[in-house]
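J.: My questions all concern the structure below.
The values are calculated or read from the model by the stated rules, or taken from the named source; none is laboratory data. Remember, it's a predicted structure, so these values are computed and weren't measured experimentally. FYI the Cβ positions are ideal-geometry reconstructions off the backbone, even for glycines, and counts take in every protein chain you see.
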């Protein structure tokens, strides 16, 4: 499934950049960026503006994966969370560099750029965002 | 719209059926339904088949025509259509069959659902199920399908004080029901301790909070109600069919622990049938994970939001409770061959309403509900069935 050439040259810049967009009609922020705002629909067409996001947010929910997919087997147990970014959008990502038991709902986090998975030992490496407990967070 | 009745049902045993093929399973379920209905192949106007991922599980797409062929209908050239909506594929196939008769287009339709999941290994099966989630924005980052439901559970526990014990009670109840169902994958009761002590899959969900990987098929025959008397005296009418959608990714939803698609599909169904949850006697709900049953009974309006865990703990949803849920054993114990599940739920509801549910019969069951979910709640289909 992963060897298709098109998938590589049609990469997904938002995985590396936290580049979302904002609807200039209602000011809602989206990540990943949308072609149109689902609330304003036709009013938003052509009026979606790119916006970089801070990568800072808060844990809304989480799990600790003990049985992982093949590409993640070496990482178990690893926490995965739904994070609400400060600008509004919610995303799913791993929480790293902490004890899985320390992850809590409400914990402040910030993004970090990491390797996500790899096709075998000599295949393409996929990069993207993961999250760290915020340095200035006491939670 | 015309009234639509279920006039025949058929099921295969659910389980790890190493000696049975995709083709054998669907042919068995279909022929049982046809015999049960007392119709012949030539009476059938159309066929709908629900299958989530025959391509990945048995390396075969184009299964609409294939199912018609293995059922012996090739020479009849009936329209045969495959329907896909992840784990809700079966329920959607039932709805397509229902709509095609209600619209007046067809008089008799056969609906099937199938998945043959054990022909690939456990890892491949799990990864195929994960395609029901958002591959680019959830699975890519390491979220597994149990992991996504686990995040629903964590949030539910945080907001409503639901406990791992509450979740475990769902599994214990459904295994107790499965023990009364000769078609179930698991037919033995389990203890609360064994659920709580099982290997962790994705905290807070352990192995016994998860439905199994299953092979199996289910089938029903639908008929325009005014023509159904010719075939059966025990008429069961589909009083309503509701369907709704939501974002594929859990993180895109309004609320992490409410399946809005269930809320909308069920409200659509209640309105159509002109009933409220109080008028329903029992339900087959989509318990792919224990937390899913707790959310289902809340989002269907059977109990108040947040009270699902308590309701299960109090025994309201047991076979002898005031609102029996998953009398068949549910996905948890009966098994979850994903494409078959939505059809098998309608089979169970029909058996209950005909009074043919054997040891797990709900006394005086007059109206039941079938609730089928795709992914973590991006698709939901709800049917209400009534004894006529």
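J.: For residue A:92, state whether it is at negative phi, buried (at least 17 other Cβ atoms within 10 Å of the Cβ), modelled with pLDDT of 95 or more and touching a strand residue (DSSP E or B) at 6+ places or on another chain (Cβ under 6 Å).
T.: It is true that residue A:92 is at negative phi, buried (at least 17 other Cβ atoms within 10 Å of the Cβ), modelled with pLDDT of 95 or more and touching a strand residue (DSSP E or B) at 6+ places or on another chain (Cβ under 6 Å).
J.: Read through the list (1) closer than 23 Å to residue B:197 by Cα; (2) crowded, with 18+ Cβ neighbours inside 10 Å; (3) within 10 Å of chain A (Cβ to nearest Cβ), then give the number of the only condition that residue B:166 fails.
T.: (3)
J.: Can you pull out every residue in the range A:97-139 that is within 16 Å of residue A:64 (Cα to Cα) and under 13 Å from the mean Cα position of the chain (by Cα)?
T.: A:130, A:131, A:132, listed by residue number.
J.: Return yes or no: is residue B:237 part of a strand (DSSP E or B), farther than 30 Å from residue B:16 by Cβ and touching a helix residue (DSSP H, G or I) at 6+ places or on another chain (Cβ under 9 Å)?
T.: Yes; evaluated as a whole, the condition is true for this residue.
J.: What is the one condition in (1) over 30 Å from residue B:121 (Cα atoms); (2) within 12 Å of another protein chain (Cβ to nearest Cβ); (3) in a strand (DSSP E or B); (4) touching a helix residue (DSSP H, G or I) at 6+ places or on another chain (Cβ under 9 Å) that residue A:127 does not satisfy?
T.: It is condition (1) that residue A:127 fails.
J.: Which members of the range B:80-106 meet the condition of being assigned to a loop (DSSP other than H, G, I, E, B) and in contact with a helix residue (DSSP H, G or I) (Cβ under 9 Å, 6 or more places away or on another chain)?
T.: B:84, B:86, B:88, B:105, B:106
J.: Follow-up question, since we're still on this one. Considering the range A:31-54 alone, what residues qualify as being more than 11 Å from chain B (Cβ to nearest Cβ), within 18 Å of the chain's Cα centre (by Cα) and surrounded by fewer than 20 Cβ atoms within 10 Å (Cβ to Cβ)?
T.: Across the range A:31-54, the qualifying residues are A:33, A:50, A:51, A:52, A:54.
J.: Since residue A:67 meets every condition but one in (1) touching a helix residue (DSSP H, G or I) at 6+ places or on another chain (Cβ under 7 Å); (2) at the interface with chain B (Cβ under 7 Å from one of its Cβ atoms); (3) crowded, with 20+ Cβ neighbours inside 10 Å; (4) closer than 26 Å to residue A:121 by Cα, which condition does it not meet?
T.: Here residue A:67 clears every test but (1).
J.: Check residue B:149 against each of (1) in contact with a helix residue (DSSP H, G or I) (Cβ under 7 Å, 6 or more places away or on another chain); (2) farther than 20 Å from residue B:85 by Cα; (3) within 9 Å of chain A (Cβ to nearest Cβ) and name the one condition it does not meet.
T.: Exception for residue B:149: condition (2).
J.: A further question follows. Looking at residue A:117 and the list (1) closer than 25 Å to residue B:201 by Cβ; (2) within 10 Å of chain B (Cβ to nearest Cβ); (3) surrounded by 18 or more Cβ atoms within 10 Å (Cβ to Cβ); (4) at pLDDT 95 or above, which single condition is not satisfied?
T.: (4)
J.: Identify all residues within the range B:257-279 that are surrounded by 24 or more Cβ atoms within 10 Å (Cβ to Cβ) and part of a loop (DSSP other than H, G, I, E, B); write none if there are none.
T.: Hits for the range B:257-279 are B:257, B:259.
J.: If a residue must be assigned to a helix (DSSP H, G or I) and within 14 Å of chain A (Cβ to nearest Cβ), how many such residues does the range B:198-234 contain?
T.: 3
J.: Let me ask another. Output yes when any residue across the range A:88-96 is at the interface with chain B (Cβ under 10 Å from one of its Cβ atoms) and either out of contact with any helix residue (DSSP H, G or I) (no Cβ under 8 Å at 6 or more places or on another chain) or more than 26 Å from residue A:11 (Cα to Cα) (or both), and no when none is.
T.: Yes, the conditions are met somewhere in the range A:88-96.
J.: Kindly indicate which of B:37, B:33 is more than 19 Å from residue B:64 (Cβ to Cβ), out of contact with any helix residue (DSSP H, G or I) (no Cβ under 6 Å at 6 or more places or on another chain) and crowded, with 24+ Cβ neighbours inside 10 Å.
T.: B:37
J.: Mind checking which helices (runs of 4 or more DSSP H) fall wholly inside the range B:302-388 and carry at least 2 residues that are surrounded by fewer than 22 Cβ atoms within 10 Å (Cβ to Cβ) and more than 12 Å from the chain's Cα centre (by Cα)?
T.: B:308-313
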